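The values are calculated or read from the model by the stated rules, or taken from the named source; none is laboratory data. The model shown is predicted, which means the values in this text are computed figures rather than measured ones. Cβ placement follows ideal geometry from the backbone for every residue including glycine, while neighbour counts extend to all protein chains displayed.
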Amino acid sequence: MLSQLEVLRSLIDRGLLETVSVVESGVTIADMSRRNRNFRVVVNRGPSYFIKQASGLEDASLLAHEDEVYRLLAVDAGADGKVQYLPRSFGLDAKTGLFVLELLTGAADMREHQRKCGRFSQSLARVAGKTLANLHGKNTVTKQRMSIASAVTTAPWILSLASPSFRVLREISHGNIELIKTLQKAPAAGSILSDLHTRWKHDYFVHGDIKWDNCMVIPKAGSQGRWEIKLVDWETAGLGDPCWDLGSMFGNYLSCWLFSIPYTDKESVSQSVNLARYPLERIQPAMRSLWQAYRTEMALDAQTSNEWLVTSTRFSAARLIQTAYEAMVHSPNLTVNIANLVQLSLNILRRPAEAAVHLLGISLDVANFPESVSDPFTSSH
């Protein structure tokens, strides 16, 4: 692993940083490590950088894939050399193992941005919908995408959780074992997740790990009070099902509502829901705006729109179950919040059309809503 001084030297060697900038202007390096070792390199006068360094062989492979994704999607760059939904990449240095991206000055992730604003912005949701549509439907690199698809297009692991291997059961917390038992006991839940897994598509280029932490909101250049979203962390990107990205975004909104509910022994679940810090009715307009912007940008016809919405709603439930699983990694028991989150997820899986209307606040096209669409596995998307 490189030290902070070695990181600076690497930037200078690659021509991304001038020695005079270090001496005269000043440079600040902040360690932002999570799974990878990450650095923020802030140059007082000049471009600043966000740097990733893999911490092991598996992470190095993912980082190499992310670098390939950036290079692949760069063919969609405009005249200014930028891709609308991507930070600028300066590439992976094979010698040092450093992957260098532009530092998005003034950016906040979507969660933090909405927290600061104190509301769930419909205009920002529309930007998110258009951003996903630009990724899914407007790229010009379909044939080239095939070169990187094989390594990353397996269906999300959460869709197989109801049938875990013995090795998985040996390594997880008791709380997650209880979560799996809940899935296995629920009528049809395991078969629905299995069907989602079996019918996973490889038709569109998808991000694969859409969550608010990976949606960086920055002011739009030359526009007062307007924003754009840059998507980061492309380690799982590839050909896949666009409804997973959409469902993941819906899942973020729903989890924000669910985790704001103060469950107590004194109130019933319905009473506790009424005490949510972020009531669902305040969130639904944003989810509706996101869907409408996405549907319009993708030019989905009525039948396809219904099918994608129902499938995305089911995927939102799967993403909520994944959120529950990740929250219980070190827990000996299911908490009340997690148990209720899982129960809601199971309800969504079984009745996605109703969930789309009553939870997401999105109406289906009734005139083009044949009975078969209530079970999206009777038709393809």
List every residue pair whose Cβ atoms sit under 6 Å apart, with the two residues 6 or more apart in sequence or on different chains, where the first one lies in the range 156-180 and is in contact (Cβ under 8 Å) with a residue 12 or more places away in the chain and the second, anywhere, is polar (S, T, N, Q).
-> Ile158/Gln322; Ala162/Gln184; Ser173/Ser331; Gly175/Ser331; Gly175/Asn333
Within the bounds of the range 19-33, is there any residue that is under 18 Å from Asp93 (Cα atoms), surrounded by 15 or more Cβ atoms within 10 Å (Cβ to Cβ) and either out of contact with any helix residue (DSSP H, G or I) (no Cβ under 7 Å at 6 or more places or on another chain) or in contact (Cβ under 8 Å) with a residue 40 or more places away in the chain (or both)?
-> no
Residue by residue through the range 311-353, note down the ones that are part of a helix (DSSP H, G or I), over 22 Å from Lys185 (Cα atoms) and at pLDDT below 95.
-> Ala353
Do any strands (runs of 3 or more DSSP E) lying entirely in the range 1-83 carry at least 1 residues that are closer than 22 Å to Ala107 by Cα and among the hydroxyl-bearing types (Ser, Thr, Tyr), and which ones are they?
-> 27-31, 49-53
Test: Val83 is touching a residue at least 60 places away in the same chain (Cβ under 8 Å) and not aromatic (Phe, Trp, Tyr) = no
Pairs returned, first residue in the range 327-350 that is assigned by TED's automatic domain parsing to the domain that holds Tyr263 and touching a residue at least 40 places away in the same chain (Cβ under 8 Å), second residue that is charged (D, E, K, R) and assigned to a helix (DSSP H, G or I), beta-carbon separation under 6 angstrom, 6 or more apart or interchain, are Leu334/Glu178; Leu349/Arg314
From the options Asp265, Asp195, Asp203, residue that is under 26 Å from Leu86 (Cα atoms) and either touching a Ser or Thr at 6+ places or on another chain (Cβ under 7 Å) or assigned by TED's automatic domain parsing to the domain that holds Ala339 (or both) | Asp203
With criteria (1) free of Cβ contacts under 8 Å to residues at least 60 places away in the same chain; (2) not in a strand (DSSP E or B), Lys130 comes up short on (1)
